[in-house]
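Contents: one structure, followed by commentary.
The values are calculated or read from the model by the stated rules, or taken from the named source; none is laboratory data. Predicted, not measured: the structure shown is a model, and the values here were computed from it. Surface areas here come from the heavy atoms of the whole protein model, side chains and all, with no ligands, DNA or RNA. Shrake-Rupley method; radii C 1.70, N 1.55, O 1.52, S 1.80 Å.
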Amino acid sequence: QVQLAESGGGLVQGGGSLRLSCAASGRNFSRYAIGWFRQAPGQAREFVAASDWSGGSTYYADSVKGRFTISRDNAKNTVYLQMNSLKPEDTAVYYCAADSLYGDVVSHPDYWGQGTQVTISS
């Protein structure tokens, strides 16, 4: 099992940047693929970005491609989401998630964090 805790959310002006962190505890973190998701008020949770266990393969939603970057430091049991050129429509609660299978982390990961609020002002 793995436990996940997000941090780094906040209020930022449009065009600004934020870096979210997802700290993991539990065994064998480096064996898990990690995904980031978000949920805006009144909307369904949506996929944002994913990384395989090594960070060598990443995948992004079209809406964030070129603006967001997922990375991981397995020595620190931490995954990051660097968010640049932020827009008001990026406002949401952001969640990290983990799964032992890279393919599954994009659609139905087994483990979830509690989320961190990101608000972008116009």
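At a glance:
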{"read-out": "Estimated 222 nm signal from helices in the chain, with DSSP H stretches of n ≥ 4 weighted -39500 (n - 2.57), rounded to 500", "value": "-1000 deg cm²/dmol"}
{"read-out": "Accessible heavy-atom area order of Leu101, Leu18, highest first, probe of 1.4 Å", "value": "Leu101, Leu18"}
{"read-out": "Distance between the stretch 53-117 and the stretch 1-48 - C-alpha centres, whole angstrom", "value": "6"}
{"read-out": "Karplus 3J(HN,Hα) series, Hz, for the stretch 114-120 with 6.51 cos²θ - 1.76 cosθ + 1.60 (x for Gly, Pro)", "value": "8, x, 9, 7, 10, 10, 10"}
{"read-out": "Size-normalised alpha-carbon gyration radius of the chain, reference 2.2 N^0.38 Å", "value": "0.97"}
{"read-out": "Thr58 accessible area, assembled protein chains, probe 1.4 Å, Å²", "value": "60"}
{"read-out": "DSSP bridge orientation in the chain - percent antiparallel, rounded to nearest 5", "value": "90"}
{"read-out": "Amide H partners (placed H, <5 Å) of Leu101, local residues excluded", "value": "Ala33"}
{"read-out": "Kirkwood-Stokes translational diffusion coefficient of the stretch 10-56, alpha-carbon pairs, 10 °C, 1.306 mPa s, µm²/s", "value": "120"}
